[in-house]
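Accompanying notes for the structure given below.
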Amino acid sequence: KNEVEQSPQNLTAQEGEFITINCSYSVGISALHWLQQHPGGGIVSLFMLSSGKKKHGRLIATINIQEKHSSLHITASHPRDSAVYICAVRSAGNQFYFGTGTSLTVIP
Amino acid sequence: DAGVTQSPTHLIKTRGQHVTLRCSPISGHKSVSWYQQVLGQGPQFIFQYYEKEERGRGNFPDRFSARQFPNYSSELNVNALLLGDSALYLCASSSARANVLTFGAGSRLTVL
């Protein structure tokens, strides 16, 4: 069993739809990261969370430490949001664990 | 300011050889971490270094080793290469509090 589980694995949405990607983890963490990976390998850090909620433009990330769960929301989705979204946690022991990613395709 | 730079970008090796991959962090970042990403999968954590000391290690065999230099750049070494070591090797740097992980573009290793 992976320390970090993401769902769904694949997601196709129409432009303008509200999107939610979920992440559950089983280890004690000091921080959780949401990452975006474009085709070709480039990874961009979207958020780092240790509690509560953060918002950046159309992206919102929340975390519930007690339930060991985080969600990434995209409002008014756009084709340029098409990418793989990865949840990663930094454990208390300074190890990083990554989910397998959610491949998002937004259709015009 | 340059981002995280990795070299080489692509390389091809044969089984049994060794490889050295290099990473230069963002200026001011003292933490460097290494990841292996096999095609179609998420990154797997290999090592984290902070202030030249190993601070974290993933579930990789002893053929994998790394070090961090006084200028905070880092090398990842893999000995006795196997076909399964073919992957994209990513390096990320972060500040002491790891508020943001900044990734390099990666080194794509092919083992034949």
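The values are calculated or read from the model by the stated rules, or taken from the named source; none is laboratory data. Quantities reported herein were computed from a predicted structural model and do not represent experimental measurements. FYI the Cβ positions are ideal-geometry reconstructions off the backbone, even for glycines, and counts take in every protein chain you see. Protein only, heavy atoms only, side chains kept; ligands, DNA and RNA dropped before computing areas. Shrake-Rupley method; radii C 1.70, N 1.55, O 1.52, S 1.80 Å.
Which value, in Å², gives the accessible area per residue of chain A when a 1.4 Å probe is used on the protein heavy atoms? Please report the intermediate quantities before stating the final value.
Details: 5000 Å² over 108 residues.
On a per-residue basis, 46 Å².
Evaluate 2.2 N^0.38 Å with N set to the residue count of the protein assembly as shown, then give the Cα radius of gyration divided by it. Don't skip to the answer; put the middle values down first.
Working: Rg = 17.2 Å, N = 220, 2.2 N^0.38 = 17.1 Å.
Against the compact-globule rule of thumb, the ratio is 1.01.
Please report the antiparallel percentage of the DSSP beta bridges confined to the range A:7-108, to the nearest 5.
Details: 38 of 43 bridges.
DSSP beta bridges in the range A:7-108 are roughly 90 percent antiparallel.
If you rank B:Val100, B:Val32, B:Val38 by how much accessible surface each has, with a 1.4 Å probe, what is the order from largest down?
Details: B:Val100 70, B:Val32 0, B:Val38 50 Å².
So the residues, ranked largest to smallest area, are B:Val100, B:Val38, B:Val32.
So how much accessible surface do A and B hide from each other in total, probe 1.4 Å, in square angstrom to the nearest 100?
Looking at A and B, the buried total is near 1500 Å².
Compute for the range B:6-97: radius of gyration divided by Kirkwood radius, i.e. Rg/Rh, restricted to C-alpha atoms, rounded to two decimals. Don't skip to the end; give the middle numbers.
Working: Rg = 12.8 Å, Rh = 13.4 Å.
Ratio value, two decimals: 0.95.
For the range B:38-112, which trypsin sites (Lys or Arg not before Pro) are both in a DSSP coil and crowded by at most 16 other Cβ atoms within 10 Å?
Values: sites: B:Lys52, B:Arg55, B:Arg57, B:Arg63, B:Arg67, B:Arg97, B:Arg108; in loops: B:Lys52, B:Arg63, B:Arg97.
In loop regions of the range B:38-112 (DSSP not H, G, I, E or B), the sparsely surrounded trypsin sites (Lys or Arg not before Pro) are B:Lys52, B:Arg63, B:Arg97.
Suppose we keep just the DSSP beta bridges with both residues in the protein assembly as shown; what percent of those would be antiparallel, to 5?
90 percent
Do any residues of the range A:86-108 show a loss of at least 40 square angstrom of accessible area between the isolated chain and the full protein assembly, using a 1.4 Å probe, and if so which?
Those residues are A:Arg90, A:Asn94, A:Gln95, A:Phe96, A:Phe98.
Taking the Kirkwood radius as the inverse of the mean 1/r across Cα pairs, report the Rg/Rh of the range A:20-108.
Working: Rg = 12.8 Å, Rh = 13.3 Å.
Reported Rg/Rh, Kirkwood definition of Rh: 0.96.
Identify all aspartates and glutamates with a Cα-Cα distance to A:Lys55 below 16 Å; exclude those on the same chain that are fewer than 8 residues away in sequence.
Candidates past the 8-residue exclusion: A:Asp81.
Using Cα positions and a limit of under 12 Å, work out the aspartates and glutamates in reach of B:Lys52, with same-chain residues fewer than 8 apart set aside.
Straight-line reach from B:Lys52, under 12 Å: B:Glu75.
Over chain A, calculate the relative contact order: mean separation of alpha carbon pairs under 8 Å at least 6 apart, over the residue count, as a percent. Please report the intermediate quantities before stating the final value.
Details: 266 pairs, mean separation 40.7, N = 108.
The value is 38 percent.
Starting from the Cα of A:Lys68, draw a straight line to each of the aspartates and glutamates and keep only those under 19 Å, dropping any in the same chain fewer than 8 residues away.
Here the aspartates and glutamates satisfying the reach criterion relative to A:Lys68 are A:Glu3, A:Glu5.
Report the Cα-based extents of the range A:37-88 along its three principal axes, largest first, to the nearest Å.
35, 24, 14
Round to a whole angstrom and tell me the spacing of the C-alpha centers of the range A:9-57 and the range B:57-111.
22 Å
Calculate, for chain B, the solvent-accessible area per residue in square angstrom, rolling a 1.4 angstrom probe over the heavy atoms of the protein chains.
Working: 5340 Å² over 112 residues.
Normalised by residue count, the accessible surface of chain B is 48 Å².
Between B:Ala66, B:Ala80, B:Ala92, which gets the highest mean-square fluctuation from a Gaussian network model of chain B, Cα cutoff 10 Å?
Looking only at B:Ala66, B:Ala80, B:Ala92, the largest GNM fluctuation is found for B:Ala80.
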